[in-house]
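Every number in this text was worked out from the coordinates using simple rules, so none of it is lab data. Source: prediction; values computed, not measured. In this analysis, Cβ positions are derived from the backbone assuming ideal geometry, glycine residues included, and neighbour counts consider all displayed protein chains.
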């Protein structure tokens, strides 16, 4: 039995209001933006890492920040799902741009040798233990070594995930009526002593005096099999050179290696190996010695064809079949790239080229950008250099 007509008329406004509310409550406005740092980031329903998960986002996904509670941020995914996460799991726009620029720059840089790890290895967005880990290398997987850095262990630089709110303008109060009588003039300040500069140096405290030296971390820039680049702790990296050569390391750490030729021994084909080594971690250079190994047809084993120690060498080492070059720094801080050629199994010096230091580049925040890995361009050759090069090209001398 249908209800009376008056009942339908009374219910009509309620039905209309219910139909208007099907769109759901209005969403909170975004107060900032960020990007997911880890390979898989779990967003939680509450400010607690043990609270139920709300969503899982992938590295590089853009997120809207809608609330902040100290070091926790409430974010919204492109699908409209909201959840909480720690600020260390997020990247700001500058960090994301630097990471993309790093992958672009290292795409065509020469590898310093393939390496592996004996355990799961976290790849960081920046050379900092507290930076987000966006990728992992499994045990036994191979990756390319690109560069090396030694940096102090510091906190993450300050970021602006949420732009600061503009300060409200204070209304100027009405100025009090000026007194009829002007105030008396202020007395002149006493003159400083004549030796005020020496006195200030004598009593000035030294902020670094008595402080322990900052802890340093040794980092390696790698390029994974999928082309992404990031930073890993050098102590977890092991160069994948064959054991029959690695056994001659004498306790030193192999930092790079290259095949620069082949030797035929019956049915066997053996590589001619070049490697660089470093005595310890934490050095301010990339290697302190280099060595060439050739296969002995008489003893059927690897033997040293050339060795150089107690040097200050820097990446990149450039190598190809029958030739290689290393960038070395002398006591005066000048860098030269020394070139060597192979004559059979003998190593012969073939001259030196300029090897300028990479330029220092800073980003918009004034922090050093750790993505400048190429050598600075050498100065243009002078007239005499051009004449010598022309003579060599004509007469082969």
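One Cα centroid belongs to the range 24-68, the other to the range 241-259; the line between them spans 46 Å.
Sorting 77, 294 by the number of Cβ atoms found within 10 Å of their own Cβ, with the fewest placed first, yields 77, 294. Let a ≥ b ≥ c be the square roots of the eigenvalues of the Cα gyration tensor of the range 68-122; is it rounded (a/c under 1.5), or, if not, prolate (a/b larger than b/c) or oblate? Prolate shape, in that a/c is at least 1.5 and a/b is the bigger ratio.
Taking a ≥ b ≥ c as the square roots of the eigenvalues of the alpha-carbon gyration tensor, the range 27-91 is classed rounded because a/c is under 1.5. Computed over the range 264-361, relative contact order equals 16 percent, with contacts defined as Cα pairs under 8 Å that lie 6+ residues apart. By the beta-carbon count within 10 Å of each Cβ, the least crowded to most crowded order of 275, 72, fewest first, is 72, 275.
Based on the inverse mean of 1/r over its pairs of different Cα atoms, what is the Kirkwood hydrodynamic radius of the range 96-149, in Å? For the range 96-149, the Kirkwood estimate is 12.3 Å. Would you work out the relative contact order for the range 27-91, in percent, from Cα pairs under 8 angstrom that are 6 or more residues apart? Across the range 27-91, relative contact order equals 36 percent.
The alpha carbon convex hull volume per residue for the range 122-166 rounds to 116 Å³. Normalised by the number of residues in the range 88-174, the average gap of Cα pairs under 8 Å and 6 or more apart makes the relative contact order 29 percent.
Between residue 48 and residue 86, the modelled labels are 1.7 nm apart [label points 7 Å from Cα along Cα→Cβ]. In terms of other Cβ atoms within 10 Å, 169, 323 run from fewest to most in the order 169, 323.
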